[in-house]
Amino acid sequence: MNQAQIQIPLDLPNVRVEKYEQTDKGLVITVVSTCTTAVCRQCGRTIDKFHGYDKAITLRHLPIFDRPVWIRIRPKRFQCTYCDKGPTTSQRCEWYEPKSPHTKAYENWILRELVNSTLSDVSLKQDLSVECIEGTLDRHIQRQVDWSVVPNLA
């Protein structure tokens, strides 16, 4: 029997799919960044001297056909030729936040799932811990109101 193939956009800019595999955890898609520069963490300049890859990170992404999807990437590292001792910097892709276990698209989806639901509801439906969902909330919702940006209502 011949299996039909379809293409689904991942909506992850500046990456190329290297491979994908079905695991007991879900669909794991390995991508490679197509960007050729980074911003030096010390001087803030754009750098383009490639210096290898950082360790792989795996991020939860939007589900496909009700199956969990994970994106695996090894961020590129670049060396700064402007700074003393040539420090290296890992590239930051725009579609995820450092230290977040999810893509930005997945976090936005989780926030929408919370509408008219509790943390426990979403935790059960998405197989996420309540703490993981609270982390998403902390990254997206301020706990204090910045009254200086609120127009005077009087």
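The values are calculated or read from the model by the stated rules, or taken from the named source; none is laboratory data. Worth saying up front: this structure is predicted, and the values here are computed from it rather than measured. Positions of Cβ are generated from backbone atoms using ideal geometry, with glycine treated the same way; all protein chains shown enter the neighbour counts. Protein only, heavy atoms only, side chains kept; ligands, DNA and RNA dropped before computing areas. Shrake-Rupley method; radii C 1.70, N 1.55, O 1.52, S 1.80 Å.
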*Percent antiparallel among DSSP beta bridges with both residues in the range 46-154, to the nearest 5?*
95 percent
_Cα-centred dipole magnitude for the chain, charges only on beta-carbon of K, R (+1) and D, E (-1), debye, nearest 20_ = 700 debye
*Taking a point 7 angstrom from the Cα of residue 56 along the C-beta vector, which residues in the range 1-40 have backbone N less than 11 Å away?*
19-21, 28-31
*Put a dot 7 Å past each Cα toward the Cβ at residue 85 and residue 131; how far apart are the dots in nm?*
3.4 nm
*Compute the length gained on full extension between residue 113 and residue 14: take 0.36 nm times their separation in residues and subtract their Cα-Cα distance, giving the result in nm to one decimal.*
32.9 nm
*Which listed residue (118, 153, 140) has the Cα farthest towards the positive end of the charge dipole for the range 32-154, taking +1 on Lys and Arg C-beta and -1 on Asp and Glu C-beta about the Cα centre?*
140
*Shape of the range 69-154, Cα gyration tensor, a/c cut at 1.5*: oblate
*For the range 8-106, calculate the relative contact order in percent as a whole number, restricting contacts to Cα pairs under 8 Å that are 6 or more residues apart.*
26 percent
*What number, rounded to the nearest 500 deg cm²/dmol, is the helix-based mean residue ellipticity at 222 nm of the chain, given -39500 (n - 2.57) per DSSP H run of at least four residues and division by all its residues?*
-5500 deg cm²/dmol
*Take 24, 121 and sort them by solvent-accessible surface of the protein heavy atoms, 1.4 Å probe, largest at the top.*
24, 121
*For the chain, what class follows from the C-alpha gyration tensor (a ≥ b ≥ c being the square roots of its eigenvalues): rounded when a/c is under 1.5, otherwise prolate if a/b is larger than b/c, else oblate?*
oblate
*asked:* Given contacts defined as C-alpha pairs under 8 Å and at least six residues apart, what's the relative contact order of the range 37-84, whole-number percent?
replied: 43 percent
